[in-house]
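See below for the structure under consideration.
The values are calculated or read from the model by the stated rules, or taken from the named source; none is laboratory data. As the structure is a computational prediction, the values presented were derived from the model and not from experiment. Here the Cβ positions follow ideal geometry from the backbone for every residue, glycine too, while neighbour counts run over all protein chains shown. Heads up: the accessible areas ignore ligands, DNA and RNA and are worked out on the full protein's heavy atoms, side chains in. Shrake-Rupley method; radii C 1.70, N 1.55, O 1.52, S 1.80 Å.
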Amino acid sequence: MFELATKSNMTKLTHLIGIIKDKASQSKAALLSKRTTLFLLRATSHDSSTPPTRKHLATLLSSGDGSRATASAAVEVLMDRLQGTNNAAVALKCLIAVHHIIHHGSFILQDQLSVYPSAGGRNYLNLSNFRHNADPTSWELSSWVRWFAKHIEQLLCTSRILGFFLGTPTDREDRVSGLVNADLLTEFDSLVALVEGICKRPEPNNVYGNNGLVEEIVKLAREDWGVVEVEVRVRVSEFKERLGGFKFGEVVELVCCLKRLEQCQEMMDGARELGLWDFVGEVKDKAGIQVYRQEGKLRKESRKLRFSESDRFSAPVLNSRDFLHFPSGRFLL
């Protein structure tokens, strides 16, 4: 009982310190007339129980509208805030803001986000080792920071491979039908990796009550799954049409990707009633038969090749007609 009371007091103290920091930072930004910074501070407060409001996010996004320089500055301020904080609540709210840009930002804001930083990479948010242990809530939120940062990195990586941000209206079927097999498989592999990442999310801990910040992130991840599911379904349908024209290596890669996707079934919501998993299983089975047939064909061709090479390089067989017999008893060819 005493331990729970102590933990509760720690959380309250952390919350109070956060409020003081927010007030001081916002007052400084207002005095310096830093409009974008002020909007960012309001959207990414230290409050660990509630997510940023839609109004604050919309205002933050509007501060980056206009020229490329304005959008670049807005993204830079957001990323500096994200990578400069050691507070889990602030980091999560910054990540929610990044996620909001991906799905709702203007083209120019999305463009600046996609090229930040110039080095790119799978871990460019650099939050894989994030830890905030000021109190139990902060410690729990730290695991969500690490997971959500990795999810956003994969979201951006997949968007780069596809050539557009997920959720952008496109003529999917026509675009996918025009891809060569190698590019289609690369896109599908990236989408499967994104689904695998969603499946690895932490489990919400309700010991200290429901947390609105965590609930918001879970909701955003489910929305992402809904978008990804559409892209996956279109590509699985295209694979079904193309199976007969796949090379052996390509169909093996496809089977591996489909197996990885099937392993995510239990963790994903909303796809069972739409028949996605039945469709994935059907195409995987057909691709598996294709692998078996092509493997058998390759084995036969390999045996034929070995036999022909053996005939080519083996010494000629001589019979008695090829020799002349001399009185000395020796045989001469």
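Efficiency by 1/(1 + (r/R0)^6): what FRET value for Glu196 and Asp285, r their Cβ-Cβ distance, R0 = 30 Å, to the nearest 0.05?
0.90
Starting at the first residue of region 38-43, write each ³J(HN,Hα) from the Karplus equation 6.51 cos²θ - 1.76 cosθ + 1.60 with θ = phi - 60°, in whole Hz, x for Gly and Pro.
5, 4, 5, 4, 5, 7
What does the C-alpha gyration tensor say about the overall shape of region 33-125? Classify as rounded when a/c is under 1.5, otherwise prolate if a/b is larger than b/c, or oblate.
Because a/c hits 1.5 or more and a/b fails to exceed b/c, region 33-125 counts as oblate.
Grab the other residues whose beta carbon is less than 11 angstrom from that of Pro204, score K and R as +1, D and E as -1, and report the net.
In short, -2.
Please report the net charge: other residues with Cβ closer than 11 Å to the Cβ of Val98, K and R +1, D and E -1.
So the environment of Val98 carries a net charge of +1.
Report the extension gain between Arg293 and Ser114 in nm, rounded to one decimal, defined as 0.36 nm multiplied by the number of residues separating them, less their alpha carbon distance.
Once the chain is fully extended between Arg293 and Ser114, it gains 60.2 nm.
Can you compute the label reach from Glu203? Point 7 Å from Cα along the Cβ direction, backbone N cut-off under 20 Å, restricted to region 137-173.
Label zone hits: 137-148.
Counting only residues 5 or more places away or on other chains, whose amide H sits under 5 Å from the amide H of His132 once H atoms are built in the peptide plane?
Answer set, sorted by chain and number: Ser142.
Work through the residues other than Leu184 whose Cβ is under 15 Å from its Cβ and net out their charges, Lys, Arg +1 and Asp, Glu -1.
Overall, the nearby charge balance is -3.
At a probe radius of 1.4 Å, what is the per-residue accessible area of Ile289, in Å² to the nearest 10?
My reading of the accessible area for Ile289 is about 90 Å².
Can you work out the FRET efficiency for the pair Val227 and Asn133, with r the C-beta to C-beta distance and R0 = 25 Å, to the nearest 0.05?
0.15
Pairs Lys150/Lys219; Lys150/Lys200; Lys93/Lys200; Lys247/Lys284; Lys55/Lys200: which exceed 22 Å Cα-Cα?
With Cα atoms farther than 22 Å apart: Lys55/Lys200.
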